[in-house]
Amino acid sequence: LHNLRELQTEIDERFNVPCEIIVADQREIEGREKIAAKVAELQVTAALLVAGMTSVGSFDAGRADTYAEVIETNILGFTDLLARLIAIFREQPFESSVIAVSSLAGETSVPFQAVYGASKAYVSTLMRALSVELAGTGVSVGSFAPGGIDTDMAALSDLKWGRLGLMDVDRCAAHAVHALVYRQSFAIPGM
């Protein structure tokens, strides 16, 4: 929560854009309802969906609980929240945009992160389909597929190469905002 408050302050100071923190668990229906209600209340025009988790290790390591968490967060919770946001955005009298953070892991095979990669392939594929489905409605959607980002999630993972090759958070965020503003249906930072 401390990091979110710092980010909230930075967004307000650097961009003079109001930013509100909503503490909710995307895996729980109550959390998704809380987020959607706040989005409707604030008449939000854009959403950047970044919640996600990873799993690292041999696929057959017997970690069903970890895989279930990844699927609940990255697929089930994400899908329900996205559907709620799109329904809200379609009712608004102005254009809206959603970008979901996917991953390059969803565009190629990533050994020892198979379930994570599969979940991100789902995100990218869903967003591509919805970008066509929602054409002309005033709601644009897309996915943003970075490689590794130098975040707490990367630091806490069991990745063998440490932080080697990870993109700086600020640089990655700038690419994500660009994709959101320019309503890109699919974007890879640096391309």
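Annotations
- Selection of segment 93-136 for residues being in contact with a helix residue (DSSP H, G or I) (Cβ under 9 Å, 6 or more places away or on another chain) and assigned to a loop (DSSP other than H, G, I, E, B) yields 95, 102, 103, 107, 108, 109, 110, 111, 112, 113, 134.
- Any hit, segment 30-51, residues being over 20 Å from residue 4 (Cα atoms), in contact with a Gly (Cβ under 9 Å, 6 or more places away or on another chain) and surrounded by fewer than 18 Cβ atoms within 10 Å (Cβ to Cβ): no
- Residue in segment 75-92 that is among the hydrophobic types (A, V, I, L, M, F, W, C), in contact (Cβ under 8 Å) with a residue 60 or more places away in the chain and touching a strand residue (DSSP E or B) at 6+ places or on another chain (Cβ under 7 Å) present: no
- Among residues of segment 86-105 being among the polar types (S, T, N, Q) and farther than 20 Å from residue 167 by Cα, the one that is surrounded by the most Cβ atoms within 10 Å (Cβ to Cβ) is 96.
- Residue list for segment 139-191, restricted to those being in contact with a Ser or Thr (Cβ under 7 Å, 6 or more places away or on another chain) and at pLDDT 80 or above: 139, 140, 141, 142, 143, 144, 145, 146, 180, 183, 185, 186
- Candidates in segment 106-131 are the residues that are in contact (Cβ under 8 Å) with a residue 24 or more places away in the chain and of a type in the set (A, V, I, L, M, F, W, C); of these, the one that is surrounded by the most Cβ atoms within 10 Å (Cβ to Cβ) is 123.
- Among residues of segment 172-191 that are outside any loop (DSSP other than H, G, I, E, B), those with a Cβ under 6 angstrom from a residue that is aromatic (Phe, Trp, Tyr), sequence gap 6+ or separate chain, pair up as 176/144; 179/144; 187/144.
- Check on residue 12, more than 20 Å from residue 139 (Cβ to Cβ), surrounded by 14 or more Cβ atoms within 10 Å (Cβ to Cβ) and not β-branched (Val, Ile, Thr): no
- Annotation note: of 11, 21, 88, 29, the sole residue that is of a type outside the set (Lys, Arg) and within 26 Å of residue 188 (Cα to Cα) is 11.
The values are calculated or read from the model by the stated rules, or taken from the named source; none is laboratory data. What you are looking at is a predicted structure, and each value in this text was computed from that prediction instead of being measured. Methodologically, a virtual Cβ is constructed for each residue, glycine included, from the backbone with ideal geometry; neighbour enumeration extends over all protein chains shown.
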